[in-house]
1. Could you list, in sequence order, all residues of the range 137-178 that are in contact (Cβ under 8 Å) with a residue 12 or more places away in the chain, among the charged types (D, E, K, R) and either surrounded by fewer than 19 Cβ atoms within 10 Å (Cβ to Cβ) or within 18 Å of residue 121 (Cβ to Cβ) (or both)?
2. Which ones in the range 86-102 are within 14 Å of residue 130 (Cβ to Cβ) and hydrophobic (A, V, I, L, M, F, W, C)?
3. Being under 14 Å from the mean Cα position of the chain (by Cα) and farther than 24 Å from residue 162 by Cβ narrows it down to one of 89, 18, 105, 47, so name that one.
4. For the structure I just gave you, tell me whether residue 111 is in contact with a Ser or Thr (Cβ under 9 Å, 6 or more places away or on another chain), buried (at least 16 other Cβ atoms within 10 Å of the Cβ), within 30 Å of residue 222 (Cβ to Cβ) and among the β-branched types (Val, Ile, Thr).
5. Tell me, which helices (runs of 4 or more DSSP H) lie completely within the range 52-168 with 3 or more residues that are at pLDDT 95 or above?
6. Show the residue pairs that are 6+ apart or on different chains and have beta-carbon atoms under 9 Å apart, the first residue being within the range 15-43 and under 30 Å from residue 100 (Cβ atoms), the second being among the β-branched types (Val, Ile, Thr) and in a loop (DSSP other than H, G, I, E, B).
7. Could you look through the range 44-61, keep only residues that are in contact with a Gly (Cβ under 9 Å, 6 or more places away or on another chain) and surrounded by fewer than 16 Cβ atoms within 10 Å (Cβ to Cβ), and pick out the one that is farthest from residue 97 (Cα to Cα)?
8. Tell me which residues, restricted to the range 66-106, are within 19 Å of residue 223 (Cα to Cα), small (Gly, Ala, Ser) and surrounded by 23 or more Cβ atoms within 10 Å (Cβ to Cβ).
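The values are calculated or read from the model by the stated rules, or taken from the named source; none is laboratory data. This one's a predicted model, so the numbers in the text were calculated from it and none came from an experiment. Heads up, the Cβs are rebuilt from the backbone with ideal geometry, glycines too, and the neighbour counts pull from every protein chain shown.
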Amino acid sequence: MVPFGRTAAIFDVDDSLLDGNAGTIFSWYLYSEKIMLPEIRSRIPRLVYEYARRRLGEKDMVELGSRCQAGLWVDDIRTHAQACFERHLRKRITEGAVRQIRKHLLSGHYVLIASGSPQAIVDEVARHLRVHGAIGTRTRAIDGKATSDILPPIVFQDGKREAVAAALASQGIPLSRSWLYSDSSADVPLFEAVGHPVVVNPKDAFRTQAEQRGWQVVRWKERSREAQADLASEWTSWDG
């Protein structure tokens, strides 16, 4: 028997499933809480400046998000990821994503989230949503500590397609029978490989491209009811 009816649903995380970027928020959490090693933390402002000046690209920032964890204990990274998720990301989950994930799960589909963000924070999103699998950017660990050595493929553009295809192949599910939900033009290689492309919250240029290709376009901006309840509770605690 082939598992999950040979159909999968793949969800990108940043600016679609979440109202925000998981990797950026987690990196800022590690920076602001002074969890990063001092020699790494001291370089972050300059690297962010270089990105703002377009001297570094999106792929560079994907790599930076995981490399800034170098020297930290892997178990500690997981603990920090859980704290960051509960404090900053849980309230950012969008209602549209929750609705579609539940729909696919109830249909018996294999549900996977995939992001260039660090694996630890992607795992927390997956755990909360109770999906079947999570793909993020991973670094090599030596003696229980993270290094700056990224394990291929980098989960970006063709590398993301490669990682997702491998994960689905292990379940006997072809990309051509799968759904993809993403906002990013960087996911075009993956969009071209799936059978059901759905573009979420695209910027104008990508919206035009999606419409020209006949890809469905949807808007997920409203945060989930659970997220709104978290925010209300947060405001109440501040007011008190």
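1. 138, 145, 158, 160, 177
2. The answer is 93, 97, 98, 101.
3. 89
4. no
5. Helices (runs of 4 or more DSSP H) meeting the threshold: 74-84, 95-106, 119-129.
6. 29/35
7. So the residue we want is 51.
8. If the condition is that a residue be within 19 Å of residue 223 (Cα to Cα), small (Gly, Ala, Ser) and surrounded by 23 or more Cβ atoms within 10 Å (Cβ to Cβ), then 97 is the only one that fits.
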